[in-house]
């Protein structure tokens with residue numbers, strides 16, 4: 001998938017977030033990278049696992065005397081997501097639909113971290129969201 005099309009899917013994923021949460025995003029930037037860096041993989045101890053997105057920053061719930069800092073960063077990893085979506089068999093979800101679904105879920109997941117949810121809380125919320 002070309003970069004511009006992937007960027008559009010990320011924008012759609014952001015637009016799918018409820019406005020009350022979007023308006024409460026504070027000092028956060030969402031970027032697209034091809035793959036996680038070796039340092040990111042090492043830090044998370046994810047050797048061999050796919051990483052679709054990463055939140056790096058100080059969650060809103062942990063900010064006290066917070067100022068003069070770089071924006072928090074949410075990174076969406078394009079190649080990791082594309083690898084998770086093989087070309088479909090007939091009658092199944094299209095490659096683009098698969099990518100769009102993962103991007104939307106990943107954007108939601110990483111924004112939840114920005115709001116202070118830990119991994120267990122995010123996973124629990126995701127299960128509720130998908131049922």
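Read-outs: derived from the displayed coordinates by stated rules, not from any lab. On a predicted model such as this, the values are computed, not experimentally measured, just so you know. For neighbour counting, all protein chains shown are included, and Cβ atoms are generated from backbone atoms with ideal geometry for every residue, glycine included.
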Helix 119-130: inclination vs the chain longest Cα principal axis, degrees, rounded to 10, gives 50 degrees
Taking alpha-carbon centroids only, the range 69-131 lies from the range 17-61 a number of Å equal to 11 Å
For the chain, the longest principal axis of the Cα atoms and the Cα long axis of helix 3-15 enclose an angle in degrees, to the nearest 10, of 60 degrees
Rounded to the nearest 0.05, FRET efficiency between residue 4 and residue 64 (Cβ-Cβ, R0 30 Å) equals 0.15
Restricted to the chain, the DSSP antiparallel beta bridge percent, nearest 5, is 40 percent
For the chain, the Cα gyration tensor yields equivalent-ellipsoid semi-axes (√(5λ), largest first, whole Å) of 25, 17, 15
Computed over the chain: longest principal axis from alpha-carbon atoms vs helix 95-114 long axis, angle to nearest 10 degrees, is 10 degrees
